[in-house]
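**Q** Handing you a structure now.
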Amino acid sequence: MATYYFRNSNGNWGTNASWSISSGGPANGAIPTSTDDAILDNNSGGCTVDVASVCKSLTCTGYTGTLTMTNGLTISGNITLASTMTISGAGGLTFNASGTWVSNSKTWPNSVTVSATSTITINSFTFTIGGTLTLSAAVTFAGTNGFNTNNFTCATAGLTHTFLAGNTYTITGLMTTTGTAASHIVLKSSSTSVYAILTLTGTQDNGFLNGTWMDSSNGQTIWTYNGILSNTVNWQDLPFYPVNTSFTFLGTF
């Protein structure tokens, strides 16, 4: 495992000469692999992720340049953004291992996918995602803060996702969970006595979704079709399957 610093070259991620083994150093590094730490700091220039790329961790502390996401980046550990950085392009992030997310109040504007069973620790700041947060493997959220995402997708049936009790997780766009009759999706608190707070202010398309110790009283009622609800607040199991709907319950079914 090595640590590579992006140089002040306004170059491409996928070029060996763009990397150094020291901050502000010469072109003596290499393109990061999945076991290497990548650092963009105050000595780094504009960086374009020109090809599908990987690293173990991405640290942008002190970075004032532009990270241009022409392609996607897979991270096998931690990410630290900088409030002073600019993020452009449409490429997303994929996390294939447990890690810590620190946004420093910087919004990640594109998609984020968690592709492997992992614990995601969100510390110090709410992690804000302008695109879609997709959980395609079982995820446990930990840390001092939650997330705020535009869209939220759980399309892999049979998975359980655990949210830290007391933390707030917000969805402002479309919430989609796609379980099956044989394999429900479960959203649950880490505690059997304290709620995790899931606030939806957008729309939803949920089926075969179970909820346990989840409080959604600050937003839309969370509905599901043929789900199993236990100690939930402002959740409703429906006898029919409405799609992509935002509405207010006025009575009982």
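The values are calculated or read from the model by the stated rules, or taken from the named source; none is laboratory data. All figures in this text were calculated on a predicted structure; none of them were measured in a lab. Note: ideal-geometry Cβ built from the backbone for every residue, glycine included; neighbour counts use all protein chains shown.
**Q** Would you please name the residue that is nearest to the chain's Cα centre (by Cα), looking only at residues in the stretch 173-199 that are β-branched (Val, Ile, Thr) and surrounded by fewer than 19 Cβ atoms within 10 Å (Cβ to Cβ)?
**A** Within the stretch 173-199, the match that is nearest to the chain's Cα centre (by Cα) is Thr178.
**Q** Checking the conditions here, which among Leu81, Leu67, Leu40 is surrounded by 18 or more Cβ atoms within 10 Å (Cβ to Cβ) and either under 21 Å from Asn151 (Cβ atoms) or in contact with an Asp or Glu (Cβ under 9 Å, 6 or more places away or on another chain) (or both)?
**A** Working: Leu67 fails: either under 21 Å from Asn151 (Cβ atoms) or in contact with an Asp or Glu (Cβ under 9 Å, 6 or more places away or on another chain) (or both); Leu40 fails: either under 21 Å from Asn151 (Cβ atoms) or in contact with an Asp or Glu (Cβ under 9 Å, 6 or more places away or on another chain) (or both).
Only one candidate passes the filter, namely Leu81.
**Q** Can you name the residue in the stretch 80-98 that is within 17 Å of the chain's Cα centre (by Cα) and part of a strand (DSSP E or B) and is also farthest from Thr117 (Cα to Cα) among such residues? Spell out the reasoning first.
**A** Keep residues of the stretch 80-98 that are within 17 Å of the chain's Cα centre (by Cα), which gives 80-82, 87, 90-98.
Filter once more, keeping what is part of a strand (DSSP E or B): 80, 87, 93-95.
Values: Thr80: 21, Ile87: 27, Leu93: 16, Thr94: 12, Phe95: 10 Å.
Filtering first and then ranking leaves Ile87.
**Q** Let me ask another. Residue check: is Gly131 of a type in the set (Gly, Ala, Ser), modelled with pLDDT of 95 or more and not assigned by TED's automatic domain parsing to the domain that holds Gly219?
**A** no
**Q** Between Leu250, Leu229, which is aliphatic (A, V, I, L, M) and either under 25 Å from Thr144 (Cα atoms) or modelled with pLDDT under 95 (or both)? Don't jump to the end; show me each part of the working.
**A** Values: Leu229 fails: either under 25 Å from Thr144 (Cα atoms) or modelled with pLDDT under 95 (or both).
Exactly one of Leu250, Leu229 is aliphatic (A, V, I, L, M) and either under 25 Å from Thr144 (Cα atoms) or modelled with pLDDT under 95 (or both), namely Leu250.
**Q** Let me ask something else. Exactly one of these conditions fails for Ile31: (1) surrounded by 15 or more Cβ atoms within 10 Å (Cβ to Cβ); (2) at pLDDT below 95. Give me its number.
**A** With (1) surrounded by 15 or more Cβ atoms within 10 Å (Cβ to Cβ); (2) at pLDDT below 95 applied to Ile31, the lone miss is (2).
**Q** While we're looking at this one, here's another question. In contact with a Phe, Trp or Tyr (Cβ under 6 Å, 6 or more places away or on another chain) and either at pLDDT below 95 or closer than 17 Å to Leu81 by Cα (or both) - does that describe any residue in the stretch 45-52?
**A** yes
**Q** Collect the residues in the stretch 220-241 that are part of a loop (DSSP other than H, G, I, E, B) and touching a residue at least 40 places away in the same chain (Cβ under 8 Å), keeping them in residue-number order.
**A** Those that are part of a loop (DSSP other than H, G, I, E, B) and touching a residue at least 40 places away in the same chain (Cβ under 8 Å): Asn226, Gly227, Ile228.
**Q** Right, something else. Read through the list (1) more than 24 Å from the chain's Cα centre (by Cα); (2) small (Gly, Ala, Ser); (3) modelled with pLDDT of 95 or more, then give the number of the only condition that Ser9 fails.
**A** Result: Ser9 passes all but (3).
**Q** Yes or no: Ser23 of a type in the set (Ser, Thr, Tyr) and in contact with an Asp or Glu (Cβ under 7 Å, 6 or more places away or on another chain)?
**A** Numbers: of a type in the set (Ser, Thr, Tyr): yes; in contact with an Asp or Glu (Cβ under 7 Å, 6 or more places away or on another chain): yes.
Spelling it out, Ser23 is indeed of a type in the set (Ser, Thr, Tyr) and in contact with an Asp or Glu (Cβ under 7 Å, 6 or more places away or on another chain).
**Q** Can you tell me which residues in the stretch 9-55 are of a type in the set (Val, Ile, Thr) and over 16 Å from Leu73 (Cα atoms)?
**A** Ile21
**Q** Does the stretch 107-119 include one or more residues that are within 21 Å of Thr212 (Cα to Cα), within 13 Å of the chain's Cα centre (by Cα) and either part of a strand (DSSP E or B) or of a type outside the set (Asp, Glu) (or both)?
**A** Yes - at least one qualifying residue is present in the stretch 107-119.
**Q** Output the residues belonging to the stretch 217-234 that are buried (at least 21 other Cβ atoms within 10 Å of the Cβ) and polar (S, T, N, Q).
**A** Thr224, Thr232
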